Amino acid sequence: MKKRIGSRIYDTDTAEYIAAIDGGQLYRKRTRDREWFAVMEDGTIRPLDPYNPMDMLLMETGHLPAEALEEPEPQEFRVRIDQDTYNRIAAASKKRSCSMAEVVRQLSQTL
């Protein structure tokens, strides 16, 4: 199987087969930079980054932990508010000596 992703070519015929992993097979290119990639069961090719902790775990053990496969909750989101609400949150943050984001977090936990 040979596939081009961007400017890189991933060829399973010339790459070194490493191991079977969860949902596919792990390969390493025989080029100078020795890139790693996974061929998934559905035929997609996934380039692996040696500096990404999840990809390193996949290269070392052949599988990912179950909690890594779940989508993480977003850490931050933005909401448009009117000027009066903004002033009230700003006053509460000044009174409590904390950031406005912390005031919103505290209020959302009480709901």
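The values are calculated or read from the model by the stated rules, or taken from the named source; none is laboratory data. Please read these numbers as outputs of a predicted model, since none were measured by experiment. Counting neighbours? That spans all protein chains shown, and the Cβs are built from the backbone with ideal geometry, glycine included.
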Region 1-19 residues that are of a type in the set (G, A, S), paired with ones that are part of a loop (DSSP other than H, G, I, E, B) (beta carbon under 7 Å, 6 or more apart):
A15/K29; A15/R30; A19/G62
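Applying the selection to region 22-53, what residues are charged (D, E, K, R) and without any contact (Cβ under 8 Å) to a residue 24 or more places away in the chain?
The initial filter retains those residues of region 22-53 that are charged (D, E, K, R), namely 22, 28-30, 32-35, 41-42, 46, 49.
Hits for region 22-53 are R28, K29, R30, R32, D33, R34, E41, D42, R46, D49.
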Please pick out the residue among V79, V39 that is out of contact with any strand residue (DSSP E or B) (no Cβ under 7 Å at 6 or more places or on another chain) and at pLDDT 75 or above.
V79
